[in-house]
C-alpha cells in the first residue's frame, strides 16, 4: 500500500459515523478512547437516563450516604466533539438499514458500539410492592437515601456484592438490617465456600443479621415472609440478586447472543454483524488465557474493553496488521464492613487453593493455582498481594505453594 492510498483509507475510516448505545462507563470510555486514538469522525453517545453520564460504584457508597450528590464523569464532551443524546431509549436494531430504533425516530450509524450494560434481576411478585427498591441507577440511590436517613428497618434480599455494600451503608447510617440469602453463604455465585465462608461473620460484627438458606415467599408492604414461615418486619426492602445483560431489545436483530443473554463478541469485541461491536457488561468474550468465554460484570472490564474497541474501529476492516485482542485478567473490588476486598483472575479451572493469613483476622488472601501457576487471587486488606498477584497471573509464572502460603513472603518472591 502506498502512502497516498493509506491516507485515503484513513480519511474514509475517520469519516464514518460512530454511534454508541449506552452512556455508562463502557460507552463513555469508548468515546474517549476513539478520540485518544485519533478518530476524528462523528461520535454520538446515547444514554437511556436523563442525567449526565456518571460512574456507578459511588452509588452504593458516597452518593447513597449523602456525602456526594452525584458521580458524574469529569469529561468535557463538547471539547471531545461527542454528541450526547440523553434520556433516549434504544428499542431495536435494523442492521440492513444500519439504524437504531428509538422513540424519537431512527438513528443512522456506520459503526455501532453496543454498551448497554446490565439490568438488575427483580424479585418475582415484588416488582410493584411499595417500599421495594433496586440499587443500579442514580435515581435508585436518590430514592434509597431517605430510607437511610430515617434509619428504617431494612431487609436486603441477596448477600452478593451489592447486598453487602448496601448493608454496609445502611448499618453505617444506623438502620436495622437483615440480609436474606437463599444460598448457604454470602457471595455463593462468585466465590467457593472456602473463600466466602469467613465473610459471613462480617455481617454479625457490623450488627446486621444474616439469614442463609432462606428463601423469600412473599413481599407485602411492611413485611417479608420467608418460605419457612418466618415474617420479617421491613420498612424497606432492597433487592440485590444479580443482573443480566441488557440485550432484550436486540431480539430479532441478527446479533448472536449467548445462553446468558450476552452479546457473543469475538477477541476484538466484534459482534456477529459487520461494523457492530460490544463492550462492557452486555458482552462476553473468548479468553485464551482461561480457555473459555467470559462475561464480566465489573467496573474494570468496562474501563479496559473500550480501548480494544477503539483500536479495532480506527483500524477498520482494511486497516492491515494484527487485530487488537482483548484478553484481560478480570479485576474487581468492593468495600464492605470496613474491609477492602479485591479479586483478580478467574478461579473456575484451578486445581489448588492456598490461603495466606488467618481468615479470622483483618487481612488475608486466597490464591488459586492451576498446574502451579497463579490463576486468581482474592485479597482482603492486602492490596500488595492483589497487585503482585495480578502481574503473576499475566506472566503465567509457576509458584511454590509453600511460599505462597507464607503471608510474610511477598507473592512476587514465591516464584520457582
| task | Pick out the one residue from 179, 147 that is assigned to a helix (DSSP H, G or I) and either closer than 21 Å to residue 57 by Cα or outside the structural domain of residue 379 (by TED's automatic domain parsing) (or both). | result | 147
| query | From the residues in the range 374-385 that are over 14 Å from residue 192 (Cα atoms) and without any contact (Cβ under 8 Å) to a residue 40 or more places away in the chain, which one is nearest to the chain's Cα centre (by Cα)? | reply | 379
| query | Do any residues in the range 120-143 that are assigned by TED's automatic domain parsing to the domain that holds residue 166 have Cβ atoms under 7 Å from those of residues that are assigned to a loop (DSSP other than H, G, I, E, B) and loosely packed, with under 13 Cβ neighbours inside 10 Å, where the two are at least six apart or on different chains, and which pairs are they? | reply | 129/221; 130/221; 131/221
| Only one of these conditions is not met by residue 205: (1) out of contact with any strand residue (DSSP E or B) (no Cβ under 7 Å at 6 or more places or on another chain); (2) in the same structural domain as residue 136 (by TED's automatic domain parsing); (3) part of a loop (DSSP other than H, G, I, E, B). Which number is it? | (3)
| said: Can you tell me how many residues within the range 299-320 are in contact with a helix residue (DSSP H, G or I) (Cβ under 7 Å, 6 or more places away or on another chain) and either more than 20 Å from residue 31 (Cα to Cα) or free of Cβ contacts under 8 Å to residues at least 12 places away in the same chain (or both)? | reply: 1
| said: For the range 385-393, check the following and say yes or no: at least one residue is within 30 Å of residue 207 (Cβ to Cβ), touching a helix residue (DSSP H, G or I) at 6+ places or on another chain (Cβ under 6 Å) and at pLDDT 95 or above. | reply: yes
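Out of the range 102-132, which residues are more than 25 Å from residue 275 (Cβ to Cβ) and in a strand (DSSP E or B)?
Scanning the range 102-132 gives 119, 120, 132.
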| query | Across the range 349-373, which residue is surrounded by the fewest Cβ atoms within 10 Å (Cβ to Cβ) among those that are over 26 Å from residue 203 (Cβ atoms) and under 23 Å from the mean Cα position of the chain (by Cα)? | reply | 349
| Restricting to the range 380-392, what's the tally of residues that are crowded, with 22+ Cβ neighbours inside 10 Å and farther than 26 Å from residue 338 by Cα? | 1
| task | Kindly establish whether residue 64 is touching a residue at least 40 places away in the same chain (Cβ under 8 Å), buried (at least 18 other Cβ atoms within 10 Å of the Cβ) and either out of contact with any helix residue (DSSP H, G or I) (no Cβ under 9 Å at 6 or more places or on another chain) or not in a strand (DSSP E or B) (or both). | result | yes
| message | Which numbered condition in (1) surrounded by fewer than 18 Cβ atoms within 10 Å (Cβ to Cβ); (2) at pLDDT below 95; (3) within 20 Å of the chain's Cα centre (by Cα) is the only one that residue 69 fails? | response | (3)
| task | Give, as residue ranges, the strands (runs of 3 or more DSSP E) completely inside the range 208-327 that count at least 3 residues that are on the phi > 0 side of the Ramachandran plot. | result | none
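The values are calculated or read from the model by the stated rules, or taken from the named source; none is laboratory data. Just so it is clear, the model here is predicted, and its values are computed rather than measured. Backbone-built Cβ (ideal geometry, glycine too); neighbour counts: all protein chains shown.
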